[in-house]
Amino acid sequence: MTSTPPSSTADRSVTPVAEDYLKVVWSAHEWSDEPVTTSWLADRLGVGASTVSETVKRLTDQGLLDHQRYGDITLTPAGRTHALRMVRRHRVLETFLVAELGYTWDEVHAEAEILEHAVSDELVDRMDERLGRPGRDPHGDPIPTADGTVHAPAAVVLADLDAGRRARVARISDADPHLLRYLAEVGLGLDAVVEVTAVRSFAGTLTLAWWPPDAPPPSGSVALELGLVAAGMVWVVPQ
């Protein structure tokens, strides 16, 4: 997936608020087909529907969003370029905070939300170089390259796997710090191998056996029960 290369310097006509909108619209379609509407944006950003409508209209007039009356909100090519720049900043910052400053993966999202508007593209690129050009952030989200290329894994939601299926953890949503802390406590992280052993839809839970990346099956398995809501925030690549 490739877009127009992000500009090396920020467009001063795009405000931090606009950057947030563009990033959220892009991120909404990264792992889901859910349509982006004004009411969805209002809920996601925690602002009033009228404020969202005004901002979306302004960004549409600027050529950054497409929005048909009562229809979905999508990015224009220019809006996509700005969105990918912010996504790259955010994910490089998260990775740097964990790798270089000792943050845990449940702490970095809020910090990166603040810092992403203050850093330059050059600083982000130097951080990226220092880190060795990682392909993903601490949660498994792919880090766009400087030219706007995104290499996303062919992942599916863990909650959608049937009993008996085995997969490797590719991504864990950073939307709920409590889930991240819990998974860190039990040791389940990226690249772990999981096998669904039972799905109890009536109880809203699934049971899985999992193995650390350095202890592949059949040795070293750990049993874990997850709610389907939590399992819906874990993405895996089936094996």
Subject >> Spans of helices (runs of 4 or more DSSP H) in segment 34-152 with at least 1 residues touching a Leu at 6+ places or on another chain (Cβ under 8 Å) and either in contact (Cβ under 8 Å) with a residue 24 or more places away in the chain or closer than 25 Å to Val236 by Cα (or both) >> reply: 49-61, 77-101, 108-115, 121-130
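Per-residue answers, yes or no, for (1) crowded, with 20+ Cβ neighbours inside 10 Å; (2) not aliphatic (A, V, I, L, M):
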site: Ala78; (1), (2): no, no
site: His82; (1), (2): yes, yes
site: Asp106; (1), (2): no, yes
site: Ile114; (1), (2): no, no
site: Asp121; (1), (2): no, yes
Original post:
Residue check: is Val237 touching a residue at least 60 places away in the same chain (Cβ under 8 Å), in a strand (DSSP E or B) and among the hydrophobic types (A, V, I, L, M, F, W, C)?
Top reply: yes
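Test Ala167 against the criterion of being more than 16 Å from the chain's Cα centre (by Cα), modelled with pLDDT of 95 or more and more than 23 Å from Val98 (Cα to Cα), and give yes or no.
Yes.
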**OP:** Please find, within segment 208-239, the residue that is surrounded by the fewest Cβ atoms within 10 Å (Cβ to Cβ) out of those that are farther than 17 Å from Gly189 by Cβ and touching a Gly at 6+ places or on another chain (Cβ under 9 Å).
**Re:** Val229
**OP:** Identify, by number, the condition in (1) surrounded by fewer than 14 Cβ atoms within 10 Å (Cβ to Cβ); (2) at negative phi that Asp191 doesn't meet.
**Re:** (2)
Original post:
Is there a residue in segment 38-58 that is at positive phi, surrounded by fewer than 17 Cβ atoms within 10 Å (Cβ to Cβ) and not basic (Lys, Arg)?
Top reply: yes
Original post:
Does Leu179 count as in contact with a strand residue (DSSP E or B) (Cβ under 6 Å, 6 or more places away or on another chain) and buried (at least 18 other Cβ atoms within 10 Å of the Cβ)?
Top reply: no
Original post:
Does at least one position in segment 197-214 carry a residue that is closer than 25 Å to Lys23 by Cα and not assigned by TED's automatic domain parsing to the domain that holds Arg89?
Top reply: no
Original post:
Limited to segment 148-164, what total is found for residues that are over 19 Å from the mean Cα position of the chain (by Cα) and surrounded by fewer than 18 Cβ atoms within 10 Å (Cβ to Cβ)?
Top reply: 3
Original post:
Only one of Ala223, Ala163 is part of a strand (DSSP E or B) and not assigned by TED's automatic domain parsing to the domain that holds Trp105; which?
Top reply: Ala223
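The values are calculated or read from the model by the stated rules, or taken from the named source; none is laboratory data. All values derive from a computational prediction rather than experimental measurement. Counting neighbours? That spans all protein chains shown, and the Cβs are built from the backbone with ideal geometry, glycine included.
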